[in-house]
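First the structure, in the form of structure tokens, and then the observations on it.
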Amino acid sequence: MNFTPTVLVGPSGVGKGTVLSTLCAQYPQIWLSVSVTTRRPRRGEINGQHYYFVDDARFDQMIAGGDLLEWATYQSARYGTPRADVDEKIRQGRAVVMELDVQGARQVMSRMSHVRTVFLAPPSWEELERRLRGRGTESEQVVQRRLATARDEMEFMDQCDHVIVHHEVASAVAELVNLIGLGSVGPPDERMEKDTHP
Ligand code: 5GP
């Protein structure tokens with residue numbers, strides 16, 4: 001089956017990571033792109049799983065070598081998508097999902113002929129602020145900077161193919177599953193049950 005690659009975009013703190021880790025745990029057909037970044041790992045983040053953490057020199061090398069499908073500077077760090085991994089997974093017929101900021105989403109939209117953009121929106125501005133603070137991993141200064149960026153990012157919603165309002169994880173995942181085209185397949189466990197009890 002051929003899946004259209006999906007870009008999930010939305011302001012920092014909206015819960016893209018939570019939605020995507022739930023989605024991937026339930027649907028092994030999905031391949032979530034692992035980005036490279038020059039930002040420092042947060043507590044609990046694993047190199048090669050959450051990001052490839054690299055220094056500026058390595059990131060420069062990857063840009064020069066044409067290794068990145070897209071890249072952007074977000075706050076004071078750089079983030080990019082390794083091109084070869086995405087190409088290979090598309091060839092293998094996996095449902096490719098990329099989690100990007102708005103700048104990255106724009107680049108992918110202009111460089112890939114078939115891509116689906118999904119904007120994950122907070123239920124309200126107040127809720128986004130609460131979630132960003134609740135994460136407790138960033139200083140107040142960083143939270144303020146991310147909120148300022150988020151105001152601009154929210155304007156990108158209108159340019160996306162779909163909008164999902166993130167009220168709670170399960171329903172956001174279900175909506176995303178349908179958009180990606182896995183809705184009729186169902187999670188593997190459910191499939192097995194249906195197979196054994198027709
Ligand atoms: P965080 O530091 O919170 O992990 O990510 C900051 C922002 O960078 C988030 O909006 C996230 O979606 C975005 N981001 C993560 N990986 C990439 C990437 O490879 N390219 C781009 N353009 N943005 C990314």
The stretch 84-146: Kirkwood hydrodynamic radius (Cα pairs, Å) comes out at 14.5 Å
Amide H neighbours of ALA121 at under 5 Å, excluding residues fewer than 5 places away on the same chain, with H built from the backbone geometry, are ILE164, VAL165, HIS166
I'd like the distance between the alpha-carbon centres of the stretch 79-117 and the stretch 118-152, rounded to an integer number of Å. 24 Å
Per residue of the stretch 8-24, in order, report the coupling 6.51 cos²θ - 1.76 cosθ + 1.60 (Karplus, θ = phi - 60°) as ³J(HN,Hα) in whole Hz, putting x for Gly and Pro. 9, 10, x, x, 4, x, 6, x, 4, x, 5, 4, 6, 5, 5, 4, 5
Could you compute how fast the chain diffuses translationally, taking Rh as the Kirkwood radius over C-alpha pairs and applying Stokes-Einstein at 25 °C with viscosity 0.890 mPa s? Give it in µm² per second. 139 µm²/s
For the stretch 43-53, just list the computed ³J(HN,Hα) in residue order, Karplus coefficients 6.51, -1.76 and 1.60, θ = phi - 60°, integers in Hz, with x standing in for Gly and Pro. 3, x, 7, 10, 5, x, 10, 7, 8, 9, 8
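Bear in mind these aren't lab numbers, they're just calculated from the coordinates by the rules spelled out. Everything numeric here is computed off the predicted structure, so don't read it as measured data.
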